[in-house]
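Take a look at the structure below.
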Amino acid sequence: MSSVSRPLTDGLQLNPKTAEVLGRFDRRRRFLLLLRGIASAIVALLVSVAVISFADYLWLLPDSLRWTMSLLAYGFMVIVFYALGLQPMGRRSPEEIAKQVEASDSRLREDLLSAVELANPLHVNGAISFRNRLQETVASKASTLDVPHLLPLGLISRSLISVVVLTLIFGLLSMLPGLQFGRRIARAMIPGAAIQRASLTQLVVLKPSPASGYVAKGDAIAVVVEVSG
């Protein structure tokens, strides 16, 4: 079984209260990392498709180039998710988590890491009475820790706010009919889909009026069109 799926303090002779706190801290940390990874990946994708849409507006991009750019945008999103979410989640040794807890609460400075290290059967040293007293002292302090307070959502607020702001901007731009922002984004996000390129040119049929009707096949029809944009 991998180190990611097994209990954090498995194999350590650690006080149950201390082990519980370390486990809660680790779960909270992994949750925040996962949330940060998802938010950052969404931001990366939205920014990428915005760039592709802008390029599609300025130049007549070949379909193959536009599809390639879209696939690269999704690849960039995956890389960001792995770098800011999944990869940091793998660094979860008991000693590393203990250091992070100590950095978050000065009351456990150096004591918690010592308790974790002395709880490892492979590195046991010192008198048994000293180790037991240290474990009890650390467990008493650790049991009072408020893990959500140590790891608040504010730590990843930048990523969360970026997602909300970009989503609102995309939503507002999509509500402007003349901009055709929704069509432009769809062309960038769905490579291979038969979505026509957005254009600012508007055509209004002035004659015949009404513009729709039935005529005999082969008859010539005079058409007057107003072009704008």
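May I ask you to list the residues in the stretch 196-209 that are over 15 Å from residue 65 (Cα atoms) and either in a loop (DSSP other than H, G, I, E, B) or of a type in the set (A, V, I, L, M, F, W, C) (or both)? Give the steps one after another, and end with the answer.
The initial filter retains those residues of the stretch 196-209 that are over 15 Å from residue 65 (Cα atoms), namely 196, 198-209.
Hits for the stretch 196-209 are 196, 198, 199, 200, 201, 203, 204, 205, 206, 208, 209.
Just one of the numbered conditions (1) under 22 Å from the mean Cα position of the chain (by Cα); (2) farther than 30 Å from residue 32 by Cβ; (3) open to solvent by 70 Å² or more (accessible area, probe 1.4 Å) is not true of residue 191: (3).
Filtered by the rule that a residue be open to solvent by 40 Å² or more (accessible area, probe 1.4 Å) and free of Cβ contacts under 8 Å to residues at least 24 places away in the same chain, the stretch 104-113 gives 106, 109, 110.
Among all residue pairs at least 6 apart or on different chains, which show Cβ distances below 9 Å where the first residue, located in the stretch 133-149, is modelled with pLDDT of 90 or more and the second is among the aromatic types (Phe, Trp, Tyr) and part of a helix (DSSP H, G or I)? The qualifying pairs are 145/25; 147/25.
I'm trying to understand the selection: among the residues of the stretch 84-103, which are part of a helix (DSSP H, G or I) and touching a residue at least 12 places away in the same chain (Cβ under 8 Å)?
Across the stretch 84-103, the qualifying residues are 84, 85, 86, 88, 89, 94, 95, 97, 98, 99, 100, 101.
Listed conditions (1) at pLDDT below 90; (2) not in a helix (DSSP H, G or I) are all met by residue 129, apart from (2).
Restricting to the stretch 135-192, count the residues that are of a type outside the set (Ser, Thr, Tyr) and under 17 Å from residue 102 (Cα atoms).
15
Inside the stretch 210-229, residues that are assigned to a strand (DSSP E or B) and closer than 19 Å to residue 199 by Cβ make up a count of 4. Taking the criterion of being among the hydroxyl-bearing types (Ser, Thr, Tyr) and either under 13 Å from residue 97 (Cβ atoms) or modelled with pLDDT under 95 (or both), the residues of the stretch 1-58 that qualify are 2, 3, 5, 9, 18, 53, 57. Screening the candidates 28, 24 for the property of being surrounded by 14 or more Cβ atoms within 10 Å (Cβ to Cβ) and over 18 Å from the mean Cα position of the chain (by Cα) yields one hit, 24. The number of residues in the stretch 130-175 being surrounded by fewer than 17 Cβ atoms within 10 Å (Cβ to Cβ), of a type in the set (Val, Ile, Thr) and under 15 Å from residue 24 (Cβ atoms) comes to 1. Look at the stretch 150-177: where a residue is in contact (Cβ under 8 Å) with a residue 12 or more places away in the chain and a partner is open to solvent by 40 Å² or more (accessible area, probe 1.4 Å) and of a type in the set (Lys, Arg), sitting 6+ places away or on another chain with Cβ atoms under 9 Å, you get 150/28; 151/28; 155/36; 156/36; 159/36; 160/36.
The values are calculated or read from the model by the stated rules, or taken from the named source; none is laboratory data. No experiment lies behind these values; they were computed from the predicted model shown. With ideal geometry, Cβ positions are generated from the backbone for all residues, glycine too; neighbour counts draw on all protein chains shown. Calculation scope for accessible area: heavy atoms of the full protein, side chains included, ligands and nucleic acids excluded. Shrake-Rupley method; radii C 1.70, N 1.55, O 1.52, S 1.80 Å.
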